[in-house]
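A short write-up of the structure that comes next.
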Number of protein chains: 2
Amino acid sequence: MSGKDYTEMWKGLGLNLENHAGLLGVLSKTYKDIYLNQKNRPRAMDYFDFVISEVHGLRIEEILNAKKTGRKVVGAFCVYVPEEIVLAADGVCRCGCAGAEVGSDQAEKFIPRNTCALIKAFMGFKLSGLCPYVESTDLIVGETTCDGKKKAYESLNDITGKVYVMEIPHMKTAEDRKLWLSEVKRFRDRMEELSGKKITVEALKKAAGVVNAKRKALQRLSRLRAAAPAPISGLDALLVNQVSFYDDPLRFTEMTNRLCDELEERVARKNGMAEKGAPRILISGSPMAIPNWKLHAIVEGSGAVAVGEESCIGERNHRDLLDESFSSMDEAMDKLASRYLGIDCACFTPNNERFDNIKTLTKSLKADGVIHYALQFCTPYMMEAYRAEKAVAGTPFLRIETDYSMEDFGQLQTRVEAFLEQIKG
Amino acid sequence: MSGKDYTEMWKGLGLNLENHAGLLGVLSKTYKDIYLNQKNRPRAMDYFDFVISEVHGLRIEEILNAKKTGRKVVGAFCVYVPEEIVLAADGVCRCGCAGAEVGSDQAEKFIPRNTCALIKAFMGFKLSGLCPYVESTDLIVGETTCDGKKKAYESLNDITGKVYVMEIPHMKTAEDRKLWLSEVKRFRDRMEELSGKKITVEALKKAAGVVNAKRKALQRLSRLRAAAPAPISGLDALLVNQVSFYDDPLRFTEMTNRLCDELEERVARKNGMAEKGAPRILISGSPMAIPNWKLHAIVEGSGAVAVGEESCIGERNHRDLLDESFSSMDEAMDKLASRYLGIDCACFTPNNERFDNIKTLTKSLKADGVIHYALQFCTPYMMEAYRAEKAVAGTPFLRIETDYSMEDFGQLQTRVEAFLEQIKG
């Protein structure tokens, strides 16, 4: 994909070079077919195209250069990991590979076949030596959001010895908040230990500014998608959200705001990406890691436009800012705990905030229909689909369960097309 | 099954009489085929045969009579619910129906198809009006042990309005213990509110004696199964463990000790249930609720003997006693919290105690092989199967995933037979 030759770098990370070349070849072709074939894209997407072309190249080189200067690299698979703490310890925070069907056979030596595609993927990427992120990571931060991840991290730690787990409680009572606050502090201590650097209030303040600016740029993008016609495809907006988990946060914020400037002009000129009258779809549910673009490709290939992602890669990641008005370490920890415990993940019982948010988004984004997307065996989101449907009663609602394979592509397409017909009446 | 006519009682509970008669008919036939056809059973099993014949009859009548005197009835689906607290509020504590494939179609209107059989069953029994236990219950106590139950309880509460959920943490740190202690106290308060009775230290002490005596009887039964030849079939021992979740605790303890007296005589006379040299199998994993006798029937029908259940319906339920040496309410709550947090459920990360316990049991019960039994989609136990196998490396190990249907009976039989051949070498 990239022009530069990174073979030596990948060799140094211990990647399986032959299979890795194959993987990048498939990614490149898929990206071309799905993304580059779109018409009338915003010009500012050129940056994100470049990021994808360098996702295992330049970004890894940057990370390795950061490591050479003594900075520590933290990998995560969840929006609960407080990025501010990583940055305040001068660390680099980004996600590991988890979005493609890779190394399933090897993963199944450690975890059951009936495991969700995302978990199978992060295990498979590691075991097959195809993820330069996990190989360059000093600490992998897991969490207890679902049974599958909770138990898979035990195996991932057996394999890598680098896994640290944060406990996310099941409820949001005062006692749960105490537990979570202690987890946030424990993570701060672990980051200090890892980096050998004291985390100060000033460093946390600076980090809060950086991460909030990123969230604000993503919020701005979300709001712009409320325009009719939508100024950007759901595929492109999803990509921006996905890239936010990998990219340098300052550069990402700048480039996303640049994109939003262009989208504002488009909105003013009513220059939409979608056809006039195209059904507007809110997609809600399980996260979609790069390169999981399947559902968006089907929805937009069928003449509709995805106007929002009620998802960890989407609203759940950027809806809430961190309150920056802290002036002591205790206050900072307290505000961090509040901000992250506010996330409306399906791991909580009850999780009524999520249903309220789905209702609000459906309205604010003028969605004509909701597609609830769950990875197969993702019990928390599969289970919540029933209540989500009740929450937006009256709005057409389609429940989908799938994985990363392309085998059900045609079948899903048929279901989505029928759903869109229902919307058009 | 029973001689008495309970039609009016079942009608009063709102059961679906026609389907309920069908269910009892199937249960009766299955019990006859699996249990009553066994040879050389301990005479003292006659009590447990009677209990099963009256499981929806006399026991329900007893419970309804208790309700008439003002006692409250608490239903649970997990060994984390502290029975001592229910008894100390003069309540009756027992499990709901969850062991048969009933009402799946109706359950699937609320929960996904890919849900474990136990959860689907408790939803299905309720929705199809076939469980007199849930209908006579004043409070259903759920817990957060797995994603499936955690989220299904939300729907069960929508349907019944009677669900109360205890939060089981994911870890066993000092902070988790604080959270769990507060949950134990919250449950005590809820039981006081429900019963209108103050829970005293004296009442807790008395309840601790009752529940510990039941545990000691079950421990005694477990130890007797270590004898070679085993004095009781795994089917019968499983049944006793299952009945412990439904029966009056005092009577149950008396009858189990009576059974153990007889088994002691059998051990002295080397009068075994199994053929000499029959492979001895430890069964480990997901719980088996009445009438889930499938795996034991296959194992023992193939000439082996099940000598232990490393399971919630088995060791996990009775391994640890409650320390009765408390003299204040705070001490009592503290000891209750410790006793229940000690349970080695797969919901914890890490859960190394369980693997130690599997090793210890394999040795103490002189097991020739371990069959790891997981309900399909029971992620926590499915996931731990891999580490369980490593824990007993060197001992033949078979991993099974199944549900309540009989469709895979022949296939499982073939696998179990091949496994037994491997053991016999």
Counted residues in segment B:266-293 being outside any loop (DSSP other than H, G, I, E, B) and more than 30 Å from B:Gly96 (Cβ to Cβ) come to 4
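Could you tell me whether segment B:83-103 includes any residue that is of a type in the set (D, E, K, R), surrounded by fewer than 19 Cβ atoms within 10 Å (Cβ to Cβ) and farther than 25 Å from B:Lys11 by Cα?
Yes, segment B:83-103 contains at least one residue that is of a type in the set (D, E, K, R), surrounded by fewer than 19 Cβ atoms within 10 Å (Cβ to Cβ) and farther than 25 Å from B:Lys11 by Cα.
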Name the one entry in B:Glu84, B:Glu54, B:Glu62 that is closer than 30 Å to B:Asp344 by Cβ and not hydroxyl-bearing (Ser, Thr, Tyr). B:Glu84
Residue identified as within 29 Å of B:Arg190 (Cβ to Cβ) and touching a residue at least 40 places away in the same chain (Cβ under 8 Å) among B:Tyr133, B:Tyr31: B:Tyr133
Restricting segment B:377-404 to residues that are of a type in the set (Phe, Trp, Tyr) and closer than 15 Å to A:Arg113 by Cβ, which is farthest from the chain's Cα centre (by Cα)? B:Tyr386
Let me spell it out: the conditions are (1) within 16 Å of the chain's Cα centre (by Cα); (2) farther than 19 Å from A:Ala230 by Cα, and A:Leu295 meets all of them except one. Which number is the exception? (2)
Going by what's in this entry, would B:Leu17 be described as touching a helix residue (DSSP H, G or I) at 6+ places or on another chain (Cβ under 9 Å) and either touching a residue at least 40 places away in the same chain (Cβ under 8 Å) or among the β-branched types (Val, Ile, Thr) (or both)? no
Set A:Asp105, A:Asp90: member being acidic (Asp, Glu) and either touching a Leu at 6+ places or on another chain (Cβ under 6 Å) or in a loop (DSSP other than H, G, I, E, B) (or both): A:Asp90
Looking at segment A:308-315, can you tell me whether even one residue there is in a helix (DSSP H, G or I) and either more than 18 Å from the chain's Cα centre (by Cα) or at pLDDT 95 or above (or both)? yes
Here are B:Arg94, B:Arg59: which of them is modelled with pLDDT under 95 and more than 10 Å from chain A (Cβ to nearest Cβ)? B:Arg94
Single residue of A:Leu218, A:Leu250, A:Leu204, A:Leu238 found to be closer than 20 Å to A:Gly342 by Cα, away from every other protein chain (no Cβ under 14 Å) and within 18 Å of the chain's Cα centre (by Cα): A:Leu218
Looking at segment B:105-129, which of the residues that are basic (Lys, Arg) and in contact with a helix residue (DSSP H, G or I) (Cβ under 6 Å, 6 or more places away or on another chain) is nearest to the other protein chains (Cβ to nearest Cβ)? B:Lys120
Helices (runs of 4 or more DSSP H) within segment A:1-66 that include 3 or more residues within 21 Å of the chain's Cα centre (by Cα): A:17-31, A:45-53
Among what's in segment B:190-201 and is more than 14 Å from chain A (Cβ to nearest Cβ) and not β-branched (Val, Ile, Thr), pick the residue that is surrounded by the most Cβ atoms within 10 Å (Cβ to Cβ). B:Met191
Identify all residues within segment B:117-142 that are under 22 Å from B:Val86 (Cα atoms) and outside any strand (DSSP E or B); write none if there are none. B:Phe122, B:Cys131, B:Pro132, B:Tyr133, B:Val134, B:Glu135, B:Ser136, B:Thr137, B:Asp138
Tally, over segment B:156-189, of residues that are over 20 Å from the mean Cα position of the chain (by Cα), over 17 Å from B:Leu139 (Cβ atoms) and either part of a loop (DSSP other than H, G, I, E, B) or within 8 Å of chain A (Cβ to nearest Cβ) (or both): 10
Mind checking which residues of segment A:304-332 are surrounded by fewer than 19 Cβ atoms within 10 Å (Cβ to Cβ) and of a type in the set (Asp, Glu)? A:Asp320, A:Asp323, A:Glu324, A:Asp330, A:Glu331
Identify the residue in segment A:367-420 that is touching a residue at least 60 places away in the same chain (Cβ under 8 Å) and of a type in the set (Ser, Thr, Tyr) and, among all such residues, is nearest to A:Pro229 (Cα to Cα). A:Tyr373
Filter segment A:138-155 down to the residues that are in contact with a Phe, Trp or Tyr (Cβ under 6 Å, 6 or more places away or on another chain) and either surrounded by 22 or more Cβ atoms within 10 Å (Cβ to Cβ) or away from chain B (no Cβ under 12 Å) (or both) and list them by number. A:Leu139, A:Val141, A:Gly142, A:Glu143
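Filter the helices (runs of 4 or more DSSP H) completely within segment A:333-425 down to those with at least 1 residues that are within 14 Å of chain B (Cβ to nearest Cβ) and either surrounded by fewer than 18 Cβ atoms within 10 Å (Cβ to Cβ) or touching a helix residue (DSSP H, G or I) at 6+ places or on another chain (Cβ under 6 Å) (or both).
A:352-364, A:379-391
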Every residue from segment B:300-350 that is among the acidic types (Asp, Glu) and in contact with a Lys or Arg (Cβ under 8 Å, 6 or more places away or on another chain): B:Glu310, B:Asp320, B:Asp323, B:Glu324, B:Asp344
Of the residues in segment B:223-265, how many are polar (S, T, N, Q), buried (at least 21 other Cβ atoms within 10 Å of the Cβ) and in a helix (DSSP H, G or I)? 4
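Sort out which residues of segment B:391-425 are on the phi > 0 side of the Ramachandran plot and at pLDDT below 95, and write them in order of number.
Across segment B:391-425, the qualifying residue is only B:Gly425.
The values are calculated or read from the model by the stated rules, or taken from the named source; none is laboratory data. Fair warning: this is a prediction, and the values are worked out from it, not measured in the lab. Backbone-built Cβ (ideal geometry, glycine too); neighbour counts: all protein chains shown.
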